[in-house]
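The values are calculated or read from the model by the stated rules, or taken from the named source; none is laboratory data. Just so you know, these numbers come straight off a predicted model, no measurement behind them. Cβ placement follows ideal geometry from the backbone for every residue including glycine, while neighbour counts extend to all protein chains displayed.
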Amino acid sequence: MNTNKSVQLLQDTFDINAIYALKIVGMVDPLNLLEEAKILIEEKPKPFVKWVGGKRQLLKQFRLMNLYPPEKFNIKTGRYFEPFVGGGAVFFDLLPEKSFLSDLNSDLIKTYNVIKSDVEKLISFLKEYEYEKEFFLKVRSMQPKNLPDIHIASRFIYLNRTCFNGMYRVNSKGEFNVPFGKYSNPLICDEVNLRRVSKALQNVEINCQDYKMIIKKARKGDFVYFDPPYYPINKTSSFTTYTKEAFLDKEQIELKDTYLELHKKGCFVMLSNSNTPFINKIYNELVKYGIKINEVLAGRAINSKGAKRGKITEVLVTNY
Ligand SMILES: C[S@@+](CC[C@H](N)C(=O)[O-])C[C@H]1O[C@@H](n2cnc3c(N)ncnc32)[C@H](O)[C@@H]1O
């Protein structure tokens, strides 16, 4: 069977994206394609943090709408950039060999790097954490900047697993302030997945930096996915603060300019945002360059009130 047919067979059988299917074809014995692929897919790493705005459930929709991954992106020659990485849903879906992950949240990036370089020590630290309110408050009150990276990483994963809704929110001083969450038995140390993640990160460059820094590195044929903090739907819906820095009108306009710059370089660029008049207005300026604003369903709840939950839309801006 030729490569294209094998990729198609894997996609039809396992409901996976074409880039990951191609990667699997390169890893398995062609005579045992489906059996070996099944094992690899079962052992695929997944995001190690819950992240508000995580894209996992939306990727299938993007794929069915033919918006993702870009058909012409060549995984052998092109590299992948996720400069607002958060939980890294798209990275873990594609698992490209040559990837650059970054974010402005330094505790998150330190956690990625500790998983990459010191996963066994991290696992042994995480095993000492308890799911108990007093313990949680004590861990929460620690100042990460005074701690070694291994403590920052284990604290970060612990708080993510045990705080209310896995949210990440800091006050103006940068102190984490999400309350204790009620769970029946939260999995604080998912050691199997952490080892898989560590393996997947071995050739990945991970940096704490502003998204604009990637302009220097990205080149023709690379694929960039932007998942910035969303523009608020209304005044009260700014539901989360990932970093001390705001991301409002001025920042969204700068991001749109960065999008255009990467488009002109010949990168494949995909961007998520809320479906609001402001976002539509700024990206409409790029339509003359062949950029498309696609409306997609967001199956997630932003408002906590039940009645407001449900089928809201968001946009996926693509240039391919
Ligand atoms: C919507 S979340 C990304 C969600 C992620 N794609 C996922 O699947 O979990 C936005 C991320 O942008 C980061 N961020 C905010 N401002 C930034 C900036 N100027 N440069 C880079 N990252 C930034 C936040 O720390 C946060 O992790």
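For Gln61, indicate whether it is over 19 Å from Val197 (Cβ atoms), outside the structural domain of Leu187 (by TED's automatic domain parsing) and within 13 Å of the ligand (Cβ to nearest atom).
When the stated conditions are applied, Gln61 does not pass them.
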From the option list Lys110, Lys127, Lys98, single residue qualifying as within 15 Å of the ligand (Cβ to nearest atom), touching a residue at least 40 places away in the same chain (Cβ under 8 Å) and charged (D, E, K, R) is Lys110
Those residues of the stretch 288-320 which are in a loop (DSSP other than H, G, I, E, B), at pLDDT 60 or above and within 25 Å of Val269 (Cα to Cα) amount to Gly290, Ile291, Gly299, Asn319, Tyr320
Restricting attention to the stretch 181-210, the residues that are out of contact with any Phe, Trp or Tyr (no Cβ under 9 Å at 6 or more places or on another chain) and either without any contact (Cβ under 8 Å) to a residue 24 or more places away in the chain or part of a loop (DSSP other than H, G, I, E, B) (or both) number exactly 7
Looking only at the stretch 61-81, decide whether some residue is within 30 Å of Asn160 (Cα to Cα), free of Cβ contacts under 8 Å to residues at least 40 places away in the same chain, surrounded by fewer than 19 Cβ atoms within 10 Å (Cβ to Cβ) and not hydrophobic (A, V, I, L, M, F, W, C).
no
Counted residues in the stretch 242-281 being assigned to a helix (DSSP H, G or I) and free of Cβ contacts under 8 Å to residues at least 40 places away in the same chain come to 12
